[in-house]
Amino acid sequence: MSSNGSSFQFVLRSLRHRNYRLFFIGQSLSLIGTWMTQVATSWLIYRLTNSAWLLGLVGFSGQLPAFFLAPFAGVWVDRWNHHRTLKITQTLSMIESFALAAVVFTGHTHVWNIVALTAFQGVVNAVDMPARQAFLVEMVTDRADLANAIALNSSMVNGARLIGPSIAGIVIGIAGEAYCFLIDGFSYLAVITSLFLMITAPGPSRVRTNVWHELKEGLSYVRGFTPIRSILLLIMCVSLVGIPYSVLLPIFASEVLHGGPHTLGFLTGASGLGALISALTLAARKTIVGLGKVIAITACTFGVGLIALGLSHWLWLSLPLMLVTGFSMMQQMSSSNTIMQTIVDENKRGRVMSFYTMAFIGVAPFGSLIAGAAAARFGAPHTVMAGGVLCIIAGLWFSRQLEEIRKVVRPIYVRLGILPEVATGIQAASALQTPPE
């Protein structure tokens with residue numbers, strides 16, 4: 001009893017920070033609505049158009065702003081108060097969800113206005129994501145709890161990813177897509193309330209220079225820092241060729257598995273369950289040492305899962321395969337996030353996390369567009385399988401970079417006390433080599 005209780009407390013240890021606890025509760029509720037909107041939007045577009053290409057276009061419009069705006073957003077985020085920024089971005093997201101509901105309720109549903117509202121949300125996300133990542137460090141003041149907070153953050157996202165699509169499938173079947181958008185709009189009140197309840201101190205002031213100079217400085221930092229550069233390149237590749245499989249899921253649900261919106265909800269929910277399990281295993285880790293190898297392995301297993309998904313024509317087989325893809329994708333992305341948040345220089349955190357946003361979210365629209373066009377020509381299963389093969393190749397490339405990455409990261413881990421036994425050894429060796437006075 002005592003052992004189980006202490007283990008559970010260890011997994012949830014970052015919740016002892018008041019601001020993070022408030023954010024965790026509010027965001028958990030809000031993200032359920034966000035996933036409902038994502039599923040409802042995909043199903044609405046496919047129901048109206050029966051077009052794989054237009055599915056890709058909607059995904060493209062929602063994620064493209066992150067590609068162009070994220071680097072500038074990183075400069076702004078490094079300058080702005082992160083807490084105040086999130087209040088604004090979350091409020092704008094709430095307005096967008098209510099606007100989507102109004103469009104569908106009033107019968108003005110057209111592809112162009114769905115694309116426009118999705119693009120607006122993409123602009124908001126370009127600022128919100130790096131701000132949220134940077135604010136995480138402020139909410140969790142003890143650096144020892146940072147990896148746990150990132151993992152719990154991922155579990156929060158994927159717990160919602162498990163629940164939201166399942167609810168969306170039921171709501172769409174009973175009442176229609178508009179009610180998903182309406183529920184999402186109200187769900188934002190939870191996270192906005194949590195932000196207003198927080199007690200925050202003013203962030204450290206930073207000398208502001210030209211935006212282009214700061215952008216160039218951040219880019220040079222990323223380009224010259226082997227671990228972050230390699231991680232971002234892998235994320236970029238997986239986001240381009242692997243993650244866009246999600247925009248093709250309505251086709252798998254309808255044409256391959258011969259189901260309806262509930263089938264789409266089951267597929268997305270299975271992926272969310274895998275990702276949730278993945279995040280919880282990361283939260284239970286006692287050290288971030290070894291996450292580089294995890295990144296390489298899970299990039300490959302993600303690719304294997306996609307290949308098998310493309311070959312499956314049975315729901316009973318596709319669901320566990322979605323579990324594998326969700327688990328692998330979350331292991332890779334959360335491990336990457338944890339390493340970068342740990343080793344990045346504090347005054348460049350916003351810019352580095354904006355490049356993370358660009359690699360993760362900003363590149364995905366091009367993948368969505370390519371996936372939609374390829375699926376229209378070659379079929380969704382073959383498109384997803386090709387992406388899986390490329391993910392495996394990218395994972396094998398990253399594994400060859402690990403030795404060089406370790407050489408750079410190891411001294412940082414020693415300095416931060418993440419490798420205390422090594423630090424102690426170095427100090428002892430230094431003491432032995434110092435001549436007596």
*Mind checking which residues of segment 121-145 are surrounded by fewer than 22 Cβ atoms within 10 Å (Cβ to Cβ) and more than 20 Å from SER194 (Cα to Cα)?*
VAL123, ASP142, ARG143, ALA144, ASP145
*Any idea which of VAL247, VAL289 is crowded, with 20+ Cβ neighbours inside 10 Å and either closer than 23 Å to GLY310 by Cα or aliphatic (A, V, I, L, M) (or both)?*
VAL247
*Name every residue in segment 345-362 that is aliphatic (A, V, I, L, M) and either surrounded by 24 or more Cβ atoms within 10 Å (Cβ to Cβ) or touching a strand residue (DSSP E or B) at 6+ places or on another chain (Cβ under 6 Å) (or both), in order of residue number.*
VAL352, MET353, MET358, ALA359
_Under 8 Å between Cβ atoms, which residue pairs at least 6 apart in sequence (or on different chains) link something in segment 338-361 that is under 15 Å from LEU416 (Cβ atoms) with a partner that is surrounded by 23 or more Cβ atoms within 10 Å (Cβ to Cβ) and among the acidic types (Asp, Glu)?_
ARG349/ASP78
*asked:* Against the definition (among the hydroxyl-bearing types (Ser, Thr, Tyr), under 24 Å from VAL414 (Cα atoms), in contact (Cβ under 8 Å) with a residue 12 or more places away in the chain and surrounded by fewer than 23 Cβ atoms within 10 Å (Cβ to Cβ)), how does THR301 come out, yes or no?
replied: no
_Condition check: small (Gly, Ala, Ser), surrounded by 20 or more Cβ atoms within 10 Å (Cβ to Cβ) and either in contact (Cβ under 8 Å) with a residue 40 or more places away in the chain or closer than 21 Å to VAL157 by Cα (or both). Does SER254 satisfy that?_
no
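Yes or no, residue by residue, for (1) farther than 29 Å from ALA375 by Cβ; (2) polar (S, T, N, Q); (3) at pLDDT below 90:
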{"site": "ASN148", "(1), (2), (3)": "yes, yes, yes"}
{"site": "ALA151", "(1), (2), (3)": "yes, no, yes"}
{"site": "ALA160", "(1), (2), (3)": "no, no, yes"}
{"site": "ILE163", "(1), (2), (3)": "no, no, yes"}
{"site": "GLY173", "(1), (2), (3)": "no, no, yes"}
{"site": "PHE196", "(1), (2), (3)": "yes, no, no"}
{"site": "SER205", "(1), (2), (3)": "yes, yes, yes"}
{"site": "PRO244", "(1), (2), (3)": "no, no, yes"}
*Please go through segment 283-327 and pick out each residue that is under 24 Å from ILE405 (Cα atoms) and polar (S, T, N, Q).*
THR287, THR298, THR301
*Looking only at segment 218-235, which residues are surrounded by fewer than 21 Cβ atoms within 10 Å (Cβ to Cβ) and within 17 Å of ILE393 (Cα to Cα)?*
LEU233
*asked:* Give me the helices (runs of 4 or more DSSP H) completely within segment 192-300, filtered to those with at least 1 residues that are over 30 Å from TRP76 (Cα atoms) and in contact with a strand residue (DSSP E or B) (Cβ under 8 Å, 6 or more places away or on another chain), ordered by residue number.
replied: none
*Somewhere in segment 378-389, is a residue without any contact (Cβ under 8 Å) to a residue 40 or more places away in the chain and either part of a helix (DSSP H, G or I) or farther than 30 Å from ALA73 by Cβ (or both)?*
yes
_Restricting to segment 26-69, name every residue that is of a type in the set (A, V, I, L, M, F, W, C), more than 16 Å from the chain's Cα centre (by Cα) and farther than 22 Å from PHE98 by Cβ._
ALA52, TRP53, LEU54, LEU55, LEU57, PHE60, PHE68, LEU69
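The values are calculated or read from the model by the stated rules, or taken from the named source; none is laboratory data. Since this is a predicted model, take the numbers as computed values, not measurements. Note that we place each Cβ from the backbone using ideal geometry, even for glycine, and neighbour counts take in every protein chain shown.
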